[in-house]
Each structure stands twice: as C-alpha cells, then as structure tokens.
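First comes the structure, then the notes that go with it.
The values are calculated or read from the model by the stated rules, or taken from the named source; none is laboratory data. Note that this is a predicted model, so its numbers are computed, not measured. Every residue, glycine among them, receives a Cβ derived from its backbone with ideal geometry; neighbour counts consider all protein chains shown.
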Amino acid sequence: MLVSKVKYIQALGVRCSSSHYVTTPIFYVNAAPHIGHLYSAVIADAHCRYQRLRHPERKVRLCTGTDEHGTKIQQAAAAHKVPVGQYCDEVSARYRDVFRAAGIEHDDFIRTTEQRHKQAVAHFWHRLQSRGHIYSAAYSGWYCVSDETFLTESQLRLDATSGTRYSLESGHPVEWTEETNYMFRLSQFQDDVRHWVQQEACIRPAKFQKILLDTLSEPLPDVSVSRPANRVHWAIPVPNDDTQTVYVWLDALINYLSSLGYPNEQYLADWPPAQQIIGKDILKFHGIYWPAFLLAAGLAPPQQLHVHSHWTVDGQKMSKSKHNVVDPVQAAQQYTMEGLRYFLLREGVAHSDGNYSHVKALRILNSELADTLGNLLSRACAKSLNPQQIYPEPHVEHLPHLLHDVDAAKRLQEALLQLEGRCEQHYEGNHFHLVADTAIAALHAANNFFECAKPWELKAGGSSPNPPRLQTIIAMTMDALRLCGIVLQPMMPQLTSRLLDKLNVPTSQRSWRHLQESFATTTTSTDGVHKNRQLDEQSSAHLFQRILEHQNKPAEQQQQQQSLSHVKRTQSKKERKTTTRMS
Ligand code: MSP
C-alpha cells in the first residue's frame, strides 16, 4: 500500500517534469567559502554542462545558494560585531563571487532570508500540518548547534575530564535542551523512505545507500521541526505560532522547492530534481528527512542523490583551528581557477576522501595541462611546422599510409574512437576522474604519435620534405586536441574554449555529436585542400603556464618540494632538449 503510494507519486513527478533539475546544498554563511564548498558546486556545474552538451534539447537547471538561518549564523555575526542581516549579505556575496570566478553556471542563487523562500516554507508547513504530520510535544535531548541537530546517547562521546559530550560523527560539542517543540511524524515514513532508498541508482555511490539502509534498519524516532523563538530567533517563524521558529534543516531543504517558485504550480515543470549533489556529512538530512518531508507533503522525492566524500589537507580534516582551510581564491592564484576546477574533479572520487596537497596539484596540472595538452597545442601551432597557420584537412592519400606505417597513429585512432563512448559512460556516473583519465590517455597517444611521425623532418627545407604528409600529421594531431577539448568542456569551460578558439572551431561545432567527426572515423572522404581552416591569430597557443615549484608554496611543503626538484630539473632539461629539436 505504502509502496504503491511512493510509485504513484514518483510517476506523477516524472510525468510532470521534462527538465533536468540539479541542486547543490545551500552553503552556511557562518564562514567564508573553502575548496570543499567549491567542490560540491563544481561537481554540479560539470554535471549540468555535460547534460547540456550531450542533450542539447533538454532543459537543464542548476540551483545553488546560501543557508542563512540558525544559532550558528547568529553567533558568527555576533563574533564579527556585525548585524546579522548585514553579515549574511556579506558572506553570501562571497559565495556568489567565488562561484562566478569558478564558472559555476547556475540558473538561480537562492538565499533562505529571501521573501520567496519564507513564503514557500510557510506553505510547506501548512501542508504538513493540514495532512496531520505535525504535533506539539515536550522534547528533551542533546542538541548540537554546529550540526543543527539533536543526537541520541549512542551518537555521542563523553569527555571524562571536562564532562562535555561531543558528536561522534562531527566532533562538535552538544548541549542538553528541554523545550516544547513541534514534532514531525518521521516514524510513519520509515517504509516509504526505505522503498525510495532501495531504488536502483537512487543513492550513489552505493556505499552511501548502504549507510542509509543501516540507519533505516532501526526504528526512526519522530523529529523536532521547531525551536522556541526565544532560543533561536534568527529563523522563520512557525505559521500562526510566533513562540516557535522553523527548524533550520526543514527551512534549508525547502530551498530546493522555493527556487522553482513553489507553491505556485510552475514548480511542477522542473520537479522532482533529477540529481541533488551533497557531501557525505549531510546524507541523513537528504536521504531520510528530505524524502519523508516530501512524501508527507504529497510531493515526489528526488530521482537521485549524488553523494561525495570530503577533502582533507595534507591528510588532515580542514578546520579553522588547524589553520589549514584552503581558500579557493588563493588557490586559484597559484593554479588558475580552471586549474583548480580540473584538480578537484580529476583528483576527487565520490566514494572516499581526497587529499588536497600543493605537491599533488602541481604535479597533475604541470604534467597534464601544461605538458600533455598545452605543449601539444603549441607544437602543432608552431610557425616553423605550420607556417600557413592552419588546421589542415588530412590528405586522403597520406592518411591510410600513416595509419599503416606508424603504429602510434593506429593507437591514436583507437583512443579517439573510444573517447566518446567511454567519456559518456563516465560522465553519466559523475566519474570525472575517469573522464580526465580517458582524455589524457588520448592526448598521450597524440603526443606519442607526433613524436613517432617526426613532422619536423617533413617541413620545407627538411631532410625529406613532404608537405602533404606533414599537413596530415598536423591535422590528426589537431583532431585529437579538438576532440579532447570538446570532451573536457564540462570540466574546464574556459580553458577548452580558448583551445577550441585557437583551432577556430565554430561554437556550433563543439557539441557532443561533433565527437564523431574526425580522421578516426572518416579516413577516406577528405578532399585534401578545401576545408583547411585558418587558426585564430588572436588566440594564444599557450593554454596553461607551467607552475613553478616555488610559486606561493606553503612553507611546510618546502622540504618535500626540494626532494622533488632534482627530478623535475632533470626532466625539464630533457624537455627543453626535445622542444629545441622539434622547432
Ligand atoms: N547548509 C547545509 C546544507 C543545507 S542543504 C539544504 C550545509 N552547509 S555547509 O556549508 O556546511 O556545506 C555545504 C557543502 O559543502 C556540503 O555538501 C558539504 O559536504 C560540503 N563540504 C564542506 N566541507 C567539505 C570538505 N572538507 N570537503 C568536501 N566537501 C565539503 O551543510
């Protein structure tokens, strides 16, 4: 009976919405944005950009914003001696600025202090109440202000010396609280929520589905959804009872609806979300409370939660007290914002925590963006090899010869033939690191082909001049750069746009279906001369500047850097030699 209700509600949601609605969590304004926050937003942005690229007919909508109510925001404003409203404005603006700089292409940036949101919360509350899911009760328990949640004894650790209890999960202190609250009948939704969680691919990666199912194997207690207004006054008042304010998590979760104009029926055009991106620390709120609230209000729960793990810094949890919080603006000064986006998506995996380290970032960005991608573009565009500055068409008689004579040409062709299918599969699962692996492997194959084909020997005045063969080599190399550029657009929109601009690829030819057009698929029908494309003189062929080892290097990493620098020096000497030989 319950199961069929869920199915019915979901069918309703799926029928109503033809759009692909994606959300990030809304970010607390008690502190400035750090790379962990940016990570949630970059995943959502890359996901949406891929959806637009792959399904240009689909309406894709991305919503992000800031979570501005509750005690900890009140306390943060007081600590800064700023009125709380002004404090929220300032920190919210910082999030907006960082997201703009990082190319997060959101359709809406919602703030929970906005009127449209307060109206949505009031409506949602009425709906829960009128359907009989809210009741008033005396409540007591351990409350964690930092996590804005009540915790049971089994979720706490007692520090015997101080007598203070701490949340086992987050490590934050809790306080004993006795008050009259409104309660939500969470216990009644246990079976419905379990059914939702059990659906295939509803919670990804699967390890987080298992965590939710473990929680759901114990009876769910009802949950408090209000606080006395005299304790928490920086919050939305409970409709018709101004002695109480709405629990900040209920308030915050409703942002996903208010962004769509809820309760105005227009929200149905996008509801339910196709994908909600969240960090693992907020799994319980999105994987248990949220579907229960929605089902109680008669709304479809989201189609999928994509849960990501956390960033540690040099192996340690990021925290203000450890002074190791990484500011994305500062990191972007070292790596560029595109470099930072690439590093986060290339190095982060959803199922386990990633370690953020300067050494690692430097190694990845230099080897993949500067040496593998950037260097190949510079070489293919070098005036000495390409005096006409063109993106040539392969010559029909040379292409089969090259594919036959040069093993590396065949390997490049195979890599390019697999690029589309593999990247599509990886993007569909938000496995950005695998997309990068696949594209970089194709670029390695292209570099290798370039080396083996020795184009510098074929130029006019060279030992065995053969301009048509030379042009074919450049054409094949540029095809590889173009296809990898198209594939990497969701991860690095600006850098790939500069790459495709340089190759003079029209915007209308940068979509997913254009991955099918290259020497790799069309080896016979080229006509040799007429489709040569002039390179764009205005765009630079230098895509990504190698980052120097000592550039803004954090002090504690100097030692590690010194031991690496010997290896790097030897490498770059070798590289200089190769580059001189080529040009
Ligand atoms: N305001 C709540 C979310 C409400 S959504 C209805 C909140 N805000 S938060 O600012 O603390 O976190 C926002 C996002 O940043 C979460 O997805 C969280 O997991 C993510 N991160 C915070 N620290 C992180 C790391 N160190 N690493 C990766 N992501 C992390 O929770």
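With respect to being over 29 Å from the mean Cα position of the chain (by Cα), surrounded by fewer than 23 Cβ atoms within 10 Å (Cβ to Cβ) and either acidic (Asp, Glu) or under 25 Å from Pro493 (Cβ atoms) (or both), Glu457 fits the description. Scanning segment 125-132 for residues that are part of a helix (DSSP H, G or I), hydroxyl-bearing (Ser, Thr, Tyr) and under 28 Å from Lys284 (Cβ atoms) turns up at least one hit.
For segment 159-166, the condition holds for no residue, the condition being that it is at pLDDT 90 or above and closer than 23 Å to Ala252 by Cα. Residues in segment 338-359 that are closer than 19 Å to Leu548 by Cβ and surrounded by fewer than 22 Cβ atoms within 10 Å (Cβ to Cβ): Ser357, Val359. Residue count for segment 66-86, restricted to those that are outside any helix (DSSP H, G or I) and either under 20 Å from Leu250 (Cα atoms) or modelled with pLDDT under 95 (or both): 5.
The number of residues in segment 216-252 that are of a type in the set (Asp, Glu), surrounded by fewer than 17 Cβ atoms within 10 Å (Cβ to Cβ) and farther than 20 Å from Ser187 by Cβ comes to 2. Evaluated against (1) away from the ligand (no atom under 16 Å from the Cβ); (2) closer than 23 Å to Ala441 by Cβ; (3) surrounded by 15 or more Cβ atoms within 10 Å (Cβ to Cβ); (4) charged (D, E, K, R), Glu393 falls short on exactly one condition, (2). Evaluation of Tyr139 against the conditions (1) modelled with pLDDT under 95; (2) outside any strand (DSSP E or B); (3) not hydrophobic (A, V, I, L, M, F, W, C) shows that the sole unmet condition is (2).
The condition of being of a type outside the set (Val, Ile, Thr), touching a Lys or Arg at 6+ places or on another chain (Cβ under 9 Å) and within 30 Å of Ala77 (Cα to Cα) holds for only one of His286, His310, that being His310. Any chance segment 109-123 includes a residue that's in a helix (DSSP H, G or I), among the basic types (Lys, Arg), out of contact with any Lys or Arg (no Cβ under 6 Å at 6 or more places or on another chain) and surrounded by fewer than 19 Cβ atoms within 10 Å (Cβ to Cβ)? Yes: one or more hits. Exactly one residue out of Asp353, Asp314, Asp371, Asp405 is away from the ligand (no atom under 16 Å from the Cβ) and modelled with pLDDT under 95, and it is Asp405. In the set Leu443, Leu403, Leu417, Leu434, only one residue is part of a helix (DSSP H, G or I) and crowded, with 21+ Cβ neighbours inside 10 Å; that residue is Leu443. Is it the case that some residue within segment 330-346 is without any contact (Cβ under 8 Å) to a residue 60 or more places away in the chain and within 14 Å of the chain's Cα centre (by Cα)? Checking segment 330-346: at least one residue is without any contact (Cβ under 8 Å) to a residue 60 or more places away in the chain and within 14 Å of the chain's Cα centre (by Cα). Filtering segment 203-245 to residues that are in contact with a strand residue (DSSP E or B) (Cβ under 6 Å, 6 or more places away or on another chain) and either without any contact (Cβ under 8 Å) to a residue 12 or more places away in the chain or assigned to a strand (DSSP E or B) (or both) leaves Ile203, Arg204, Val223, Ser224, Ser226, Arg227, Pro228, Pro237, Val238, Gln244, Thr245.
Each residue in segment 274-287 was checked for being within 8 Å of the ligand (Cβ to nearest atom) and either touching a Gly at 6+ places or on another chain (Cβ under 8 Å) or basic (Lys, Arg) (or both), and 2 of them qualify. Being part of a helix (DSSP H, G or I), of a type outside the set (D, E, K, R) and within 16 Å of the ligand (Cβ to nearest atom) is the filter here, so list the residues in segment 247-273 that pass it. Val248, Trp249, Leu250, Ala252, Leu253, Asn255, Tyr256, Leu257, Ser258 - these are the residues of segment 247-273 that are part of a helix (DSSP H, G or I), of a type outside the set (D, E, K, R) and within 16 Å of the ligand (Cβ to nearest atom).
Set side by side, the residues Ser357, Ser352, Ser367 differ, and just one is closer than 30 Å to Glu200 by Cα and among the hydroxyl-bearing types (Ser, Thr, Tyr), which is Ser352. Look at segment 362-385: where a residue is at positive phi, no partner that is of a type outside the set (Ser, Thr, Tyr) and crowded, with 20+ Cβ neighbours inside 10 Å sits 6+ places away or on another chain with Cβ atoms under 6 Å. Against the test of being more than 24 Å from Leu283 (Cα to Cα) and of a type in the set (Gly, Ala, Ser), the options Ser154, Ser136, Ser146 yield a single qualifying residue, Ser136. When Ser463 is tested against (1) assigned to a loop (DSSP other than H, G, I, E, B); (2) more than 21 Å from Arg513 (Cα to Cα); (3) modelled with pLDDT of 95 or more; (4) not aromatic (Phe, Trp, Tyr), just one condition goes unmet, and that condition is (3). The residues in segment 51-65 that are in contact with a helix residue (DSSP H, G or I) (Cβ under 7 Å, 6 or more places away or on another chain) and outside any strand (DSSP E or B) can be counted, and the count is 3.
Of the residues making up segment 348-376, those that are farther than 30 Å from Ile211 by Cα and out of contact with any His (no Cβ under 8 Å at 6 or more places or on another chain) number 17. Could you please find all residues in segment 35-49 being in contact with a helix residue (DSSP H, G or I) (Cβ under 7 Å, 6 or more places away or on another chain) and near the ligand (Cβ under 8 Å from one of its atoms)? Scanning segment 35-49 gives Ile35, Tyr39. Being of a type in the set (D, E, K, R) and within 10 Å of the ligand (Cβ to nearest atom) is the filter here, so list the residues in segment 317-331 that pass it. Of everything in segment 317-331, just one residue is of a type in the set (D, E, K, R) and within 10 Å of the ligand (Cβ to nearest atom), namely Lys317. Scanning segment 72-107 for residues that are touching a Ser or Thr at 6+ places or on another chain (Cβ under 9 Å) and surrounded by 15 or more Cβ atoms within 10 Å (Cβ to Cβ) yields Lys72, Cys88, Asp89, Val91, Ser92, Tyr95, Arg96, Phe99, Ile104, His106, Asp107. Mind checking whether some residue in segment 288-306 is without any contact (Cβ under 8 Å) to a residue 60 or more places away in the chain, closer than 23 Å to Gly70 by Cβ, within 11 Å of the ligand (Cβ to nearest atom) and over 20 Å from the mean Cα position of the chain (by Cα)? Looking for residues that are without any contact (Cβ under 8 Å) to a residue 60 or more places away in the chain, closer than 23 Å to Gly70 by Cβ, within 11 Å of the ligand (Cβ to nearest atom) and over 20 Å from the mean Cα position of the chain (by Cα), one finds at least one in segment 288-306, hence yes. Scanning segment 332-349 for residues that are within 13 Å of the ligand (Cβ to nearest atom) and modelled with pLDDT of 95 or more turns up Leu344, Leu345, Glu347.
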